[in-house]
Amino acid sequence: MAETHSQAPEREMLEISFQLNGEPTTVRVAATDRLLDTLRYQLALPGTKEGCGEGECGACTVLMDGLPVNSCLIPTYQVRGHRIETIESIPGDELASLHASGTTQCGACTPGVVMTARFLAEQPELLGTFTVRELMAGNLCRCTGYDGIVDGVEAMVAEKTAPKGEPPCAS
Ligand code: FES
Ligand code: FES
């Protein structure tokens, strides 16, 4: 009797190009590959973290065309032609000032928190309608609490929106 071999169907691969942290980037991915995994395992950017994997915790937040998105929910092929920014794009001095203000808590939530904070710093007008706590509601902390995060985000927004070039107040 002839022996039959069942073979797993070959995954169709898609080549897509997008801008990643300011650099043109091309990857080959399957239709089901998540952006989170492509960033971490194919592009060697492990700063973006996985928490729930279900769009609930915000640990995997990156910016897509300037807006925070959960990279665990985005198929990589959908970023074709778009602009993606990850925690690796944040300048060291900005991270240092967030650290000093208490925003950077544990390694699991911090990358996502920082990316949402970066978005808020670019959209300070949102704070006229919503509180920082409301705007950060998509980034969960399971341990330490939110006071440090709120203080740091408020400081970051204040720093970004402060008038430039004004002489320091005389005392
Ligand atoms: Fe993506 Fe939790 S890992 S939202
Ligand atoms: Fe990171 Fe709570 S989950 S400090």
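A few remarks follow.
- Scanning region 17-69 for residues that are acidic (Asp, Glu) and out of contact with any helix residue (DSSP H, G or I) (no Cβ under 9 Å at 6 or more places or on another chain) yields Glu23, Glu54, Glu56, Asp65.
- In region 164-171, the count of residues that are more than 16 Å from ligand 1 (Cβ to nearest atom) and within 22 Å of Gly22 (Cβ to Cβ) is zero.
Values quoted throughout were computed directly from the atomic coordinates according to the rules given, and no laboratory measurement underlies them. Please read these numbers as outputs of a predicted model, since none were measured by experiment. In this analysis, Cβ positions are derived from the backbone assuming ideal geometry, glycine residues included, and neighbour counts consider all displayed protein chains.
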